[in-house]
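This report refers to the structure that appears directly beneath it.
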Amino acid sequence: MTFTTRVKEEISKLPFDYVTVRSELSSFIRYDGKYAKNQITLIIENASVARRMYKIIKMLYGVSIYVTVRIQKRFRTKQIYILEVKDNVSFILEDLSIYKDNKKIAPEEYLLENKEDKIAFIQGLFLACGSISDPKVSGYHMEFVVHAKKDATYFSKVLKELDIPTKVLKRNNRYMIYLKSAENISDLIKMFNAINSLFYFEDIRIYRDHKNMVNRLNNCEIANQEKTIKAGMVQIENIKYLKDNNLVDLLDERTKDVLKYREKYPDVSFLELSEIISSETGKQIGKSGINHCFIKMRDLVKRHKEKENE
């Protein structure tokens, strides 16, 4: 079972909200239905979604609904549920603000009075043509695919009003409204009241965030180690230069001690080197003191090389 199917089945089994269920049905029929003056046809792959649409239509309009189950064997065997409504079709389409006087009604003409209506409208769209990737096997991605650009623009606007920013992209002859922010996807699943799916999504999200944090810390640690080793090699070369040119005696005793211990411990950081010197010699020196000694050494090497080149 895909994560999309899992979320849709959970939504489909939720109790009906009698105040907003009309908005959900309007969105679903508009984007996953075929309708004409005398018939509404819904072709649905998910049994739970088909059952929910059946119950909503029956509850709102009390009409007869003809159900056909077909077996589709393309790619893989699956059942297709066909719901047909042939009674009071004109009234139903007009009541749902979908079709009136032989003319399709624009989605923006459907009155979404409050936040609950907007969520129900988007929920119907998700059940009709939405999908969401499984965070366990791929990145964060949720999308809705519609035929007309004006519909995509309108849905993007409704989602923005719910504080869910989206982007619209043309894909072949259709338009995709999509979002990739894990936080926004999580917020939308929460709005749908798909709590079990939300917990699953958040568990994976927390695990991935923790894993990414650990990786970043490891990368930082490796980078710091490489930086320390590189700096140590340069310092060892400078110490060798001082010895080859009999310049070590020009340095003070503290700096000489630091250089001696750097030769013994070429790969340690300044902090570790300061701790070793303080422990073995009893002379306290901090990280900044170590750095100051190496600056003295570097400046001496630089001055001597400049004199040689004159």
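Bear in mind these aren't lab numbers, they're just calculated from the coordinates by the rules spelled out. Just so we're clear, the structure is a prediction, and the values are computed from it rather than from any experiment. Glycine gets a Cβ as well: all are built from the backbone with ideal geometry, and neighbour counts include every protein chain shown.
Here are the numbers for this structure:
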| quantity | calculated |
| --- | --- |
| In sequence order, calculated HN-Hα J values of the stretch 265-274 (Karplus, 6.51, -1.76, 1.60; Hz; x Gly/Pro) | 10, x, 9, 8, 6, 4, 5, 5, 5, 5 |
| The stretch 3-193 - charge dipole about Cα centre, Lys and Arg +1 at Cβ, Asp and Glu -1, debye rounded to 20 | 920 |
| Spacing of the two label points (7 Å from each Cα toward its C-beta) at Leu250 and Met213, in nm | 5.1 |
| The stretch 1-149, relative contact order [Cα under 8 Å, separation at least 6], % | 29 |
| Exceeding the 30 Å Cα-Cα cut-off - candidates Lys86/Lys190; Lys58/Lys104; Lys100/Lys157; Lys86/Lys180 | Lys86/Lys190; Lys86/Lys180 |
| In order through the stretch 208-218: 3J(HN,Hα) via Karplus (6.51 cos²θ - 1.76 cosθ + 1.60), integer Hz, x for Gly, Pro | 5, 4, 5, 4, 5, 5, 4, 4, 5, 5, 5 |
| The chain - percent relative contact order, Cα under 8 Å, separation 6 or more | 13 |
| Fraction in percent of alpha-carbon pairs per bin - 10 Å, the chain | 5, 20, 21, 11, 6, 7, 10, 10, 7, 3, 0 |
| Inter-site label distance for Lys157 and Asp267 at 7 Å from Cα along Cβ, in nm | 6.5 |
| Rounded to whole Hz, the Karplus (6.51, -1.76, 1.60) HN-Hα couplings of the stretch 219-228, x for glycine and proline | 5, 5, 5, 5, 4, 5, 5, 5, 5, 5 |
| Chymotrypsin sites (Phe, Trp or Tyr not before Pro) restricted to the stretch 17-74 and DSSP loop, no more than 14 other C-beta within 10 Å | Tyr18 |
| MRE, 222 nm, helices only [DSSP H, n ≥ 4, -39500 (n - 2.57), over the chain, to nearest 500] | -19000 deg cm²/dmol |
| Gap separating the Cα centres of the stretch 235-280 and the stretch 128-150, nearest whole Å | 61 |
| Computed Kirkwood radius, in angstrom, where 1/r is averaged over Cα pairs of the stretch 149-214 | 13.3 |
| Sequence ranges 181-189, 275-283, ranked by mean other-Cβ count within 10 angstrom, highest first | 181-189, 275-283 |
| Cα-projected label distance for Lys58 with Ser90, points at 7 Å along beta-carbon direction, nm | 2.8 |
| Restricting the stretch 88-122 to GluC sites (Glu not before Pro) in coil, as DSSP defines it, with at most 16 other Cβ within 10 Å | Glu113 |
